[in-house]
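What follows is a short report on a single structure.
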Amino acid sequence: SSNITSSPIPLAWKRYPILLVDDDPSVIDLLQELLEDEDLPVHVAASGEEGLRLLDQHPINLVISDQRMGGMTGTSFLKEVQARHPRTDLLTMMLSAYTDAATVMEAVNEAGAYQYMSKTWEDEVLLQKVAQALEVIHLRVQTHEMAEANKNLMRRMAHLESMSLTGAFACALHQ
């Protein structure tokens, strides 16, 4: 159980859904309770295949996956996530009881994992890493929204300038 007195996760970041993928129900239960206690929206999947289906059905921004699962490994799952959903507002994290360097490097380099964590986590540390990932997602979403707003403003300015030039031209013709 966590002894955090206040949430490390600001309210604005709590709108980004998280997908937990692990074939161990006890791990899913612990993670789900920890994240839902922080008022985070959580989806759960017991396999990589189920996780991919949920990703196709729901807007997910953070995926936290186990490495060793029956069927599809965490690395294979995260590679497939990146291939199917190449979005800048989707980050992935890998959890594993095994922390050999080759697995860590494969998860980060090949599967694009933002973070790699041991399954023997401390709640505060896990929440800090989730908060960091949500902050990155939030900043990327804000950057995208500002870029879109900027494009819209530029279009409106160009339209107003063309109307202004048209009006000035019409006035010059009438003189």
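The values are calculated or read from the model by the stated rules, or taken from the named source; none is laboratory data. Because the structure is predicted, anything quoted here is derived from the model rather than measured. All Cβ positions, glycine included, derive from the backbone under ideal geometry; neighbour counts span all protein chains shown. Side chains included, ligands, DNA and RNA excluded: accessible areas come from the protein's heavy atoms. Shrake-Rupley method; radii C 1.70, N 1.55, O 1.52, S 1.80 Å.
Data overview
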| quantity | calculated |
| --- | --- |
| Count of residues meeting criterion [of a type in the set (Val, Ile, Thr), over 13 Å from the mean Cα position of the chain (by Cα) and part of a loop (DSSP other than H, G, I, E, B)] in the stretch 71-91 | 1 |
| Residue that is under 24 Å from residue 41 (Cβ atoms) and either without any contact (Cβ under 8 Å) to a residue 60 or more places away in the chain or more than 20 Å from the chain's Cα centre (by Cα) (or both), where the choices are 105, 94 | 94 |
| Residue in the stretch 110-126 that is most open to solvent (accessible area, probe 1.4 Å), counting only those that are under 16 Å from the mean Cα position of the chain (by Cα) and at negative phi | 114 |
| Subset of the stretch 127-166 [of a type in the set (A, V, I, L, M), open to solvent by 100 Å² or more (accessible area, probe 1.4 Å) and closer than 18 Å to residue 13 by Cβ] | 146 |
| Qualifying residue in the stretch 127-141 (condition: farther than 18 Å from residue 38 by Cβ, over 14 Å from the mean Cα position of the chain (by Cα) and polar (S, T, N, Q)) | no |
| Test: residue 104 is at pLDDT 90 or above and either open to solvent by 80 Å² or more (accessible area, probe 1.4 Å) or in a helix (DSSP H, G or I) (or both) | no |
| All positions within the stretch 89-110 that are closer than 30 Å to residue 143 by Cα and of a type in the set (D, E, K, R) | 89, 106, 110 |
| Residue in the stretch 139-159 that is closer than 24 Å to residue 47 by Cα, acidic (Asp, Glu) and at pLDDT 85 or above present | no |
| Residue that is part of a helix (DSSP H, G or I), at pLDDT below 95, of a type outside the set (A, V, I, L, M) and open to solvent by less than 80 Å² (accessible area, probe 1.4 Å), where the choices are 26, 2, 7 | 26 |
| Check on residue 132, closer than 18 Å to residue 20 by Cβ and in a helix (DSSP H, G or I) | yes |
| Tally, over the stretch 78-101, of residues that are open to solvent by less than 40 Å² (accessible area, probe 1.4 Å) and over 29 Å from residue 145 (Cβ atoms) | 2 |
